Amino acid sequence: MSANDTAHEHESFIKTPKQLVVVGVLAFVLPVSLIIMLAQFVLSTAGTDQAGATSEATMARIKPVAEITVAAAGAEGAVRTGEEIVKAVCSACHATGAAGAPKIGDKGAWGPRLAAGLNGLLQSATKGKGAMPPKGGATDLSDYELARAIVYMANQSGGSLKEPPAPKAAAAKK
């Protein structure tokens, strides 16, 4: 190794005071500029959605998937005819004979049941029988409405049951 090589080894790339000032300024300005630009990028938004900040919009975003409405039994207009109840509830099984249910219009299947009378049928339907749940699964039915549905089905199947008398509260609403 020569003396000339050793001298080049210890030389700096900054040779003049002007270069020293430029490197000093760049060493300070460049990182500060990058930090400021990064802060602006992070803090800037594409425009805050002010419509999404209202309480109505918030409630719409967090509302439950489903809602349940509970109506009081015997409420205004709640008394339905036997035919309406049969079409809405009973026909699911009694129209097809599903799960051993006697089909509406099948006099042979309804004959032994009709021998129990309306009270016997009402008691059986209220408690449930076989695969049929209590009140056919329509727990909102009053005893009066259930009796009307039974009378309708039984009379369509060869019976001659009389329509049950309306309870005083239901009669006043008619």
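The values are calculated or read from the model by the stated rules, or taken from the named source; none is laboratory data. Computed from a predicted model, the values in this text were never measured in an experiment. Neighbour counts are summed over all protein chains in view; Cβ atoms, including those assigned to glycine, are modelled from backbone coordinates with ideal geometry.
Right, VAL70: outside the structural domain of LYS168 (by TED's automatic domain parsing) and either of a type in the set (Val, Ile, Thr) or in contact with a Pro (Cβ under 9 Å, 6 or more places away or on another chain) (or both) or not? Explain how you work it out, then say what you get.
Working: outside the structural domain of LYS168 (by TED's automatic domain parsing): yes; either of a type in the set (Val, Ile, Thr) or in contact with a Pro (Cβ under 9 Å, 6 or more places away or on another chain) (or both): yes.
When the stated conditions are applied, VAL70 passes them.
Would you pick out the residues in region 100-123 that are aliphatic (A, V, I, L, M) and either free of Cβ contacts under 8 Å to residues at least 24 places away in the same chain or in a helix (DSSP H, G or I) (or both)?
Matches in region 100-123: ALA109, LEU114, ALA115, ALA116, LEU118, LEU121, LEU122.
Conditions tested, residue by residue: (1) of a type in the set (S, T, N, Q); (2) at pLDDT 80 or above; (3) surrounded by 10 or more Cβ atoms within 10 Å (Cβ to Cβ).
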{"site": "VAL23", "(1), (2), (3)": "no, yes, yes"}
{"site": "LEU26", "(1), (2), (3)": "no, yes, yes"}
{"site": "VAL29", "(1), (2), (3)": "no, yes, yes"}
{"site": "SER33", "(1), (2), (3)": "yes, yes, yes"}
{"site": "VAL42", "(1), (2), (3)": "no, yes, no"}
{"site": "ALA53", "(1), (2), (3)": "no, no, no"}
{"site": "MET59", "(1), (2), (3)": "no, yes, no"}
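Just need a number here: residues in region 85-99 that are assigned to a helix (DSSP H, G or I) and of a type in the set (Ser, Thr, Tyr). The qualifying residues number 1. Taking the conditions (1) crowded, with 16+ Cβ neighbours inside 10 Å; (2) farther than 19 Å from ALA98 by Cβ; (3) within 33 Å of the chain's Cα centre (by Cα) in turn, GLY136 satisfies each one other than (2).
Going by what's in this entry, would ALA99 be described as loosely packed, with under 13 Cβ neighbours inside 10 Å and under 30 Å from VAL70 (Cβ atoms)? Lay out the reasoning, then the answer.
Working: loosely packed, with under 13 Cβ neighbours inside 10 Å: yes; under 30 Å from VAL70 (Cβ atoms): yes.
Answer is yes for this residue.
The residues of region 124-169 that are of a type in the set (D, E, K, R), in contact (Cβ under 8 Å) with a residue 60 or more places away in the chain and over 15 Å from GLU83 (Cβ atoms) amount to a single one, ASP140.
Going by what's in this entry, would GLY77 be described as at pLDDT below 80 and either assigned to a loop (DSSP other than H, G, I, E, B) or touching an Asp or Glu at 6+ places or on another chain (Cβ under 6 Å) (or both)?
On the way: at pLDDT below 80: yes; either assigned to a loop (DSSP other than H, G, I, E, B) or touching an Asp or Glu at 6+ places or on another chain (Cβ under 6 Å) (or both): yes.
In short, yes.
Pairs meeting the criteria (first residue in region 38-59 and at negative phi, second residue at pLDDT below 85 and part of a loop (DSSP other than H, G, I, E, B), beta carbons under 9 Å, at least 6 apart or on different chains) are ALA57/ASP49.
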